[in-house]
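As structure tokens, the structure follows; a few thoughts come after it.
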Amino acid sequence: MTILRTWGPWIGGIILVAVVAFGGYRYYLLTKELQITKSDLASTTASLTIAAQQQSDALTNEQSKNAQLEAQLSELNNSFGTQISSLSTTVGTLSKLASTDPELLEKYSKVFFLSENYVPAKLSNIDPSYVYGIKTLQFQSDALPFLTAMIDASRASGADLSVISSYRSFGTQAILKSAYKVTYGKGTANAFSADQGYSEHQLGTAVDLTTKTVKDSFTGFEKTPANTWLTANAYKYGFILSYPSGNGYYTYEPWHWRFVGVKLAAMLHAENQNFYTLDQRTINAYLIALFDPIQPQ
């Protein structure tokens, strides 16, 4: 008992010191482990951050590449679209040309020859209301709407135009020319009438026009309001005067008008040129526009 009393406090102190020391050591170990863990965590976080940044950079790079590819594809698509549109236009132009009779813009009247076998691919009867006298007349089908529009416009202005002659076959022209030779003599007939194969009427796009006062003689036609109107307006509907005063083919025929298309007729009118003075290659360039619509006035 005496020993406990003497050494007890010391033993208790030693135990307390030992417990404190052990606790401190454990604290030290835990702190050290925590520091190591924090260091590892920081290292891992840094690695993950770097990896994430690398992935982000890679993603940005791929997005940039994708954007470039999309831009290139868009440019290619636009280019292909333009090429396809151009090809479609070219095909359409070729198709349009293929379906348009090139004879319709040839220069005849002692220049080119139409055989006895030539007949316009499309002919339609002219409505009797546009015809002078009781007869059946025909005109090239695609050009007919231009003819009737012109006559309607002339009548609206007070000029009483009517068609007295239009399409004539090779045979009809031969009979007519023979009759003229008998009536007027060969020399006189050649001055105002074409031989068969050289008449614009065989194309189906030429007409002789008259009025109720002039009738079938054509005498004085050039002095009528109808002629004044035609001179000022016929080009708007694609018609040109084939044989103006001073031409080198036939006598002046103010009543004889030929359809050549609005574009060509407008050019001839604007530049005060004659169809028969143009080079045939220049004329041929207008074939594609032969039946283009009448332009709004």
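The numbers here are math on the coordinates, done by the rules we state, and not lab data. Keep in mind it's a predicted model, so treat the numbers as computed, not measured. Here Cβ is always computed from backbone atoms with ideal geometry, including for glycine, and neighbour counts include all displayed protein chains.
Its Cα centre serving as origin, the stretch 102-289 has a Cβ charge dipole (Lys and Arg +1, Asp and Glu -1) of approximately 220 debye. In the stretch 102-289, the inverse of the mean reciprocal separation of distinct Cα atoms equals 16.7 Å; this is its Kirkwood hydrodynamic radius. Peptides 147-153, 260-266, ordered by how many other C-beta atoms sit within 10 Å of their residues on average, highest first, read 260-266, 147-153. Fully extending the segment from GLU62 to TYR184, taken as 0.36 nm per residue of separation minus the present Cα-Cα distance, adds 34.7 nm. Full extension of the segment from ALA270 to VAL111, taken as 0.36 nm per residue of separation minus the current Cα-Cα distance, would add 54.7 nm. The aspartates and glutamates whose alpha-carbon is closer than 13 Å to the alpha-carbon of LYS181, local same-chain residues fewer than 8 away aside, are ASP195. For the pair the stretch 278-297 / the stretch 100-114, the C-alpha centres are spaced 14 Å from each other.
Between LEU268, LEU287, TYR252, the Cα set farthest toward the positive side of the dipole of the stretch 160-297 (charges on each charged residue's Cβ, about the Cα centre) is that of TYR252.
Pairs spanning more than 31 Å between alpha-carbon atoms, out of LYS122/LYS186; LYS122/LYS223; LYS110/LYS236; LYS186/LYS263; LYS38/LYS65; LYS223/LYS263: LYS122/LYS186; LYS122/LYS223; LYS186/LYS263; LYS38/LYS65. Determine which lysines satisfy two conditions relative to LYS135: a Cα distance under 17 Å, and not lying fewer than 8 residues away in the same chain. Excluding near neighbours in sequence, the set is LYS212, LYS215.
Subtracting the Cα-Cα distance of LEU69 and ALA285 from their residue separation scaled by 0.36 nm leaves 73.4 nm. Packing-based ranking of 56-63, 227-234, 216-223 yields 227-234, 216-223, 56-63, ordered from highest to lowest mean Cβ neighbour count within 10 Å.
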